[in-house]
1. Report, in whole Å, the centroid distance computed from the Cα atoms of segment 66-115 and segment 179-222.
2. Skip the ligands, DNA and RNA, and give the accessible area per residue of the chain with a 1.4 Å probe, whole Å².
3. If I ignore ligands, DNA and RNA and count only protein heavy atoms, how much of R51 is accessible to a 1.4 Å probe, in Å² to the nearest 10?
4. For the chain, divide the Cα radius of gyration by the Kirkwood radius and give the resulting Rg/Rh value with two decimals.
5. Which listed residue (G48, I114, T37) has the Cα farthest towards the positive end of the charge dipole for segment 3-136, taking +1 on Lys and Arg C-beta and -1 on Asp and Glu C-beta about the Cα centre?
6. Please give, to one decimal in nm, the separation of the simple spin-label points placed at E32 and T212, each 7 Å out from Cα toward the Cβ.
7. Please pull out the direction-averaged projected area of segment 20-89, using the convex hull of its alpha-carbon atoms, in nm² to one decimal place.
8. Applying 1/(1 + (r/R0)^6) with R0 = 25 Å to the Cβ-Cβ distance of Q110 and E200, what FRET efficiency is obtained, to the nearest 0.05?
Amino acid sequence: MNKQLKAVIFDLDGVITDTAEYHFIAWKQLAEELGITFDRAFNEQLKGVSRMESLERILALGSQADRYTMAEKEALAHKKNEHYKQLIARMTPDDLLPGILDLLRELKRQNIKIGLASASKNAFTVIERLQIGAYFDTIVDAAKVKNSKPHPEIFLTAAEQLGVHPSTCIGVEDAQAGVAAIKAANMFAIGVGDKEALKEADYIVETTADLTYDAIVRAFYRE
Ligand code: G6P
Ligand code: MG
């Protein structure tokens with residue numbers, strides 16, 4: 001058996017910290033201003049999806065896809081982002097989700113590389129607020145890739161920068177699009193959250209508290 005775990009590549013929003021909730025709050029407010037209401041089930045489709053694509057999906061839901069010019073859409077996306085930036089400005093290291101700091105520490109202790117693969121242009125700000133930048137051997141954010149999740153590019157880029165083969169990586173995601181990206185990259189996919197929404201993952205935990213080093217290593221080698 002020559003299978004070996006060399007790296008764990010994390011999504012940010014909804015995995016390391018609960019910024020998925022802030023994205024939801026900010027989009028929901030903007031949508032309501034446009035007369036569009038959406039629920040958490042619809043929100044699953046926005047997770048892991050870029051800012052502009054998220055706006056397009058919300059407008060399509062409200063049958064408003066053709067109502068705005070490109071410049072107006074940019075202004076709407078900007079407005080959502082300003083609200084989101086207000087929400088993340090208050091974050092502190094206490095906003096790390098349960099178990100994440102222990103997991104990062106244990107991965108370091110075991111010499112397993114750590115990557116971040118986030119579609120967010122705010123990723124560096126969030127990592128700074130959480131004060132965990134030193135744990136990451138590479139950070140790949142939206143600025144560094146052309147294709148959005150579910151395309152595997154962001155995870156493959158992270159693996160390349162870490163100098164490891166995708167088959168030796170675990171990817172951790174809370175989004176349907178993210179799990180699909182990990183699978184398309186030929187990595188072992190761990191989903192955090194709803195079993196039904198993340199059913200494509202190789203291993204699913206309900207919350208990050210179950211994301212222990214032992215549990216993920218056991219799951220990886222069991223495959
Ligand atoms: C992540 C989140 C999405 C968000 C995207 C872009 O993938 O899961 O909800 O839309 O990043 O984030 P940004 O901060 O650039 O608007
Ligand atoms: Mg996410």
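The values are calculated or read from the model by the stated rules, or taken from the named source; none is laboratory data. Everything quoted here is computed from the prediction, not taken from an experiment. In this analysis, Cβ positions are derived from the backbone assuming ideal geometry, glycine residues included, and neighbour counts consider all displayed protein chains. All accessible areas refer to the heavy atoms of the entire protein, side chains included, with ligands and DNA or RNA removed. Shrake-Rupley method; radii C 1.70, N 1.55, O 1.52, S 1.80 Å.
1. 20 Å
2. On the way: 10720 Å² over 223 residues.
That works out to 48 Å² per residue.
3. Accessible surface of R51 is approximately 70 Å².
4. On the Cα set of the chain, Rg over Rh gives 0.97.
5. I114
6. Going from the E32 label point to the T212 one covers 4.0 nm.
7. 4.2 nm²
8. On the way: r = 27 Å, r/R0 = 1.08.
The calculated FRET efficiency here is 0.40.
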